[in-house]
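Novice: My questions all concern the structure below.
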Amino acid sequence: MRRSLNKYLRALLALFFLISPTFATVSAHAAGPSLGLAIDVLPSNDPEITRLTKSQSLWFVIAPGKSQYREFNVVSSSELTQQIHLSLGFLRRQNGVATIDDSQSPDSSSWATFSPNDFTLSPHQITKVRFTYTIPESSPVSSHEAFLFATAGSTQAASTAAFSLPQKARIATPVFLGVGTAEQMQTKFSIVDVVGKSLTSGHVIRIFFKNSGATPIELDGNVQFDSAQFTDLHVGPINFASLTIRPGEQSYVEVAAPLKLTEGRWNTLVTANQGSITKTKLFENKAITFKDPNAILQWAPRVLLVLLFLVIFIFSIRFLKKSKAKSAEKPDADQNEIPELLAAPEAATTPKKRVKKAAAKKPAAKKATKKAPAKKAPAKKAPAKKAPAKKAPAKKAARRTP
């Protein structure tokens with residue numbers, strides 16, 4: 001028994017040593033150096049850009065026929081030497097969130113240049129790049145968004161191992177370009193409303209904003225509530241940060257409502273910031289409720305449509321029943337058409353009075369012929385029954401006489 005166990009253990013150890021080198025090779029390749037880089041945007045020297053947005057954002061406000069540049073650093077976080085390529089990509093907004101769309105190219109890509117571009121980045125090296133926009137004189141006042149792409153590729157030769165893949169990395173940061181003067185590219189927004197909302201996750205507060213300017217906005221700020229009925233009841237301030245709101249759009253910021261914020265009348269103060277631009281609005285004696293007042297209005301048209309459909313359905317059923325009853329009372333059209341067609345030539349040649357008399361006499365003649373056989377039938381049957389009754393006794397008498 002012990003010998004069989006020893007043989008079994010030896011077989012397992014041998015199998016382990018056969019498999020272990022393979023695992024070691026895979027883990028060594030998986031733990032090897034990988035690509036990595038980052039973009040660090042340097043502050044702008046333009047006071048207008050600093051006033052409109054955060055200094056770290058890639059914003060440009062350029063008049064037609066002019067050019068402007070911004071600088072940023074490309075930072076390596078890899079142990080490998082990387083080949084860097086810079087370009088602009090298409091930026092699509094979905095509910096305020098920026099998404100990449102490689103199927104299109106931005107309309108401002110022909111105005112952009114990078115110096116340097118297509119350069120080699122050593123491990124943990126930092127390279128400063130100048131990003132320049134040159135706007136044609138014929139360009140109208142407009143706003144443009146794009147992504148700045150930094151694509152890294154390894155300079156090492158590709159591995160011949162079956163499980164190896166060519167390494168590539170790409171990072172993106174949004175870019176805004178406003179074509180026009182500082183007066184034309186003003187940032188304007190307004191605080192529209194504050195409403196409560198009841199969701200499955202709980203009660204929330206929605207703060208609505210309207211972007212009426214020429215630049216996109218990303219607001220941050222706070223909201224606070226003071227009870228209009230109880231002087232000692234205060235809620236907030238509650239901080240918020242919005243997604244990007246494009247020019248001409250209206251959107252809202254959603255924050256969780258604290259438990260102390262119950263339904264009632266509140267003095268609501270909203271503070272919103274865009275760069276160095278700050279706006280506030282006080283909603284006095286604002287009714288805060290978490291019931292949806294539009295729920296009935298949303299369902300009312302559907303209920304009315306259902307009722308209208310039922311009325312039409314019932315009316316159509318009754319109409320079909322009446323039409324079937326009328327068609328059952330009337331004779332078939334095909335049977336009435338044949339006598340009328342046959343009587344048409346006679347009616348054309350004979351006067352109307354003769355036609356009426358003939359029609360009146362014909363039924364009488366038919367009645368006479370029908371009644372005659374009814375009277376003759378009993379007359380014939382009576383003699384047939386009486387004849388044998390009289391002759392029978394006569395014969396019997398004749399036989400007895402001799």
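Novice: Give me the Kirkwood hydrodynamic radius of the stretch 189-294, using the inverse of the mean 1/r over all pairs of distinct Cα atoms, in Å to one decimal.
Specialist: On the way: mean 1/r = 0.0705 Å⁻¹.
Mean inverse Cα-Cα distance, inverted, gives 14.2 Å.
Novice: Let me know the whole percent of all Cα-Cα pairs from the stretch 81-213 that are separated by more than 19 Å.
Specialist: It works out to 68 percent of all Cα pairs.
Novice: Oh, and also: Considering all projection directions equally, how large on average is the shadow of the alpha-carbon convex hull of the stretch 33-126, in square nanometres?
Specialist: Result: 7.9 nm².
Novice: Still on this structure: Short version: ³J(HN,Hα) in whole Hz for each residue of the stretch 251-259, in order, from phi by Karplus 6.51 cos²θ - 1.76 cosθ + 1.60 (θ = phi - 60°), x for Gly and Pro, what are they?
Specialist: Using θ = phi - 60°, the values come out as 8, 9, 10, 10, 10, 6, 8, x, 5 Hz.
Novice: Let me ask you something else. Using amide H atoms built in the peptide plane, which far-off residues or other-chain residues are under 5 Å from Gln125 H to H?
Specialist: Ser76
Novice: If you don't mind, another one. Once amide H atoms are placed 1.01 Å from N in the peptide plane, what residues at a sequence separation of 5 or more from Ser34, or on another chain, have their amide H within under 5 Å of its amide H?
Specialist: Glu79
Novice: While we're looking at this one, here's another question. How much space per residue, in cubic angstrom, does the convex hull of the C-alpha atoms of the stretch 171-231 take up?
Specialist: So the per-residue hull volume is 170 Å³.
Throughout, read-outs are computed from the coordinates displayed, never taken from laboratory work. Since the structure is predicted, the reported quantities are computational estimates derived from the model, not experimental observations.
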